[in-house]
Amino acid sequence: MKIDLRFLNRPIEDLWCQAVVLLVFQNPSIVNDVLASINDKMGGSLNDLIKRGIWTGNRGESLLLATQGAIRADKLLMCGLGPENSFDNGVLINEVLRTGIALDQMGVKELGINMQCPDNHAGEYGMHIETVALSIAEAFNERHKDDPEFSLKIFFCIDNGFKDKVDRVITRLKEGIRQGVEFSIISDSQRNIGYQEVK
């Protein structure tokens, strides 16, 4: 299995990939930059789903939508993280593993991820991005670890306020990716490329 991680400074709705994943807290506000932008492109449908209580962002709650060309990805998967005041790394790991397994079962190999930065955990955002990357990779690795031809591409759309912390996350990811997995990490912020194959 090969993993290609890319940290990009661009809107997630502009990514050409099979699926866009939004990790969102309970009772989200459509004013959130990413949600607002995707909602606009999808004709207000996200706002309608949230207002009518069809999707609330409860922990374990997911909503899969066909984008029908409104954004560049084919699918939009919204995954609830539950209430922000009870959020921790354990919750994140469980939800991302569950999401990764679902994506793998759908045959998704190229995905973009955006995680809402929690107000109460803003200083831990880098650690959360690292956790998301490792947990998604782990979910796919369980099924594809013996397949040297399987390739997984994950795009992380990073907002401007976090650009300066990306290099630290990349360094920790190089140390944390499971031994025996071939991977590459590319960062838009400094156009630096880090390739590493772990034997």
Does residue 18 satisfy the criteria of being touching a Leu at 6+ places or on another chain (Cβ under 9 Å), closer than 26 Å to residue 126 by Cα and modelled with pLDDT of 95 or more? yes
For the subset of the range 82-97 comprising residues that are part of a helix (DSSP H, G or I) and among the acidic types (Asp, Glu), which member is surrounded by the fewest Cβ atoms within 10 Å (Cβ to Cβ)? 84
Based on this model, can you work out whether residue 155 counts as touching a residue at least 12 places away in the same chain (Cβ under 8 Å) and in contact with a Gly (Cβ under 6 Å, 6 or more places away or on another chain)? yes
Quick check: anything in the range 114-129 closer than 25 Å to residue 152 by Cβ, assigned to a loop (DSSP other than H, G, I, E, B), in contact (Cβ under 8 Å) with a residue 24 or more places away in the chain and of a type in the set (Gly, Ala, Ser)? no
Whichever residue in the range 141-162 is among the aromatic types (Phe, Trp, Tyr) and under 30 Å from residue 119 (Cα atoms) and, among such residues, is modelled with the lowest pLDDT: 162
Identity of the residue in the range 168-185, touching a residue at least 24 places away in the same chain (Cβ under 8 Å) and part of a helix (DSSP H, G or I), that ends up surrounded by the most Cβ atoms within 10 Å (Cβ to Cβ): 169
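The values are calculated or read from the model by the stated rules, or taken from the named source; none is laboratory data. Just so you know, these numbers come straight off a predicted model, no measurement behind them. So basically every Cβ, Gly included, is an ideal-geometry build from the backbone, and we count neighbours across all protein chains shown.
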